[in-house]
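A.B. asks: Would you mind keeping the following structure in view while I ask a few things?
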Ligand code: PLP
């Protein structure tokens, strides 16, 4: 028998392994992985056993149907198990390609780059890595090398990933604290062109990195900011980096969120998450020809920025299938229409519910912000939560949405009274109705001022106060 041939090994059976030990999932995490995850999930009653998924839904062992308004932090842009993506992955495995020889030029990366670049015709080249943060690291390195300058500007509350370079342009202390020293980067407020110009005058700025719609809190760059920033950056010979890791590939109702504003042409664009089809991690950094030519300026420098798994055939196949579906099924236009519907339906509720302060966002990236109520009856309850910790009310909403209505959402950042909705772009009107109905029921209970929801709020307060 030859090693590596079918039949050479019978010892591994994935299905049998899952059947035998799937029930240990929480214990295994608690013992071998980040132990706080199962602990947190037990605390808020999110410790489910999901067994099957399709599109924007998944099911637990009892057959209950859950609506996914989180899309795996945005990676499930097309929902789970899209048949076209699955087929592409079966096909690429069945093709038994000579992948990752590292010393040839396989066709799939070239084809995916060509297809991606068609959506941003002012850009010329692509670097493929394996995640969002790696796409950002690439952009930071390329910007520094191409401009010969050290400093990158970023926006307050920005999120660009959690590796050291990306962390240096993270706008939240909660993520940064204890990980110093970071790169010598500088934050400005989102939309503050005067601060941008002030920093640029120092002459040491390589780039500004910006999420056109920030994930934390769901704040869109104010109208005119991206174009104004681009003008200032060009004048000072610095680059504009658009981080489209979350917003790209149709999430906000445009292919890229920067395209919402006419005339914006970032020098570098970071893509990841949904390009994976929800299956194969991938990151892409798109950029102008001169930037790549500078970084890869000689044959000696051919590997100066590279990744062992970058451009692997499975990731490329998934990416090609995702782009094909986005185009053939007109998913971007669908996301815009369904997003408008969902946002309008939710915004209409703000006159009914005093705790509901604002509904904002673009396409299927929606923020629901809660705030101080007017009535005396609710004000003391609100004050009790705020005194313990900001963000507890939003948590109080997320929990019954899952527990009672089987809808998965998330609080959009630490200490924020904002829920973020980033469902798979394939949700339909029935899903919108289901969400609105459930949200109304939760808001009714919250405005009632009693019941289980506020009991849970008191539990959260106790936990926050005891500092765990
Ligand atoms: N950039 C943005 C805007 C993101 O939202 C994220 C992840 O949430 C990242 C970068 C990092 O991506 P990854 O988690 O794939 O490293």
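Every read-out reported here was derived from the displayed coordinates using simple, explicitly stated rules and does not represent laboratory data. Being a predicted model, the structure only gives us computed values, none of them experimental. Virtual Cβ from ideal backbone geometry, glycine too; neighbours counted across all protein chains shown.
A.B. asks: If you restrict to DSSP beta bridges whose two residues both lie in the chain, what percentage is antiparallel, to the nearest 5?
C.D. replies: 65
A.B. asks: Using alpha carbons only, how many angstrom separate the centre of segment 113-191 from the centre of segment 401-431?
C.D. replies: For segment 113-191 versus segment 401-431, the Cα centre distance is 27 Å.
A.B. asks: Further, regarding this structure: Can you tell me, using C-alpha contacts under 8 Å and at least 6 residues apart, the relative contact order of the chain as a whole percent?
C.D. replies: Relative contact order, the chain: 19 percent.
A.B. asks: Moving to a separate point now. For segment 50-146, what value does the Rg/Rh ratio take when both radii are computed over Cα atoms and Rh is the Kirkwood radius, given to two decimals?
C.D. replies: Taking Rg over the Kirkwood Rh, I get 1.06.
A.B. asks: Further question: Taking neighbour Cβ counts within 10 Å as the exposure measure, how do 105, 270, 155 sort from fewest upward?
C.D. replies: Ordered by Cβ neighbours within 10 Å, fewest first: 105, 155, 270.
A.B. asks: If you take every DSSP beta bridge fully contained in segment 84-328, what fraction is antiparallel? Give it as a percent rounded to 5.
C.D. replies: 45
A.B. asks: Then there's this: Taking the beta-carbon count within 10 Å as an exposure proxy, list 440, 377 from fewest neighbours to most.
C.D. replies: 377, 440
A.B. asks: What is the order of 151, 64, fewest Cβ neighbours within 10 Å to most?
C.D. replies: The fewest-first ordering by Cβ neighbours comes to 64, 151.
A.B. asks: Segment 212-277 to segment 64-110: how many Å between their Cα centroids?
C.D. replies: Spelled out, the Cα-based centre of one part sits 25 Å from the other.
A.B. asks: Of all alpha-carbon pairs in the chain, indicate the percentage at a distance above 38 angstrom.
C.D. replies: I get 28 percent for the Cα pairs in the chain exceeding 38 Å.
A.B. asks: Please report the antiparallel percentage of DSSP beta bridges with both residues in segment 129-229, rounded to the nearest 5.
C.D. replies: 25
A.B. asks: On the principal axes of its Cα set, how long, how wide and how thick is segment 84-328? Give whole Å, largest value first.
C.D. replies: 55, 42, 38
A.B. asks: Need one number: convex hull volume per residue for segment 130-238, Cα atoms only, in Å³.
C.D. replies: 96
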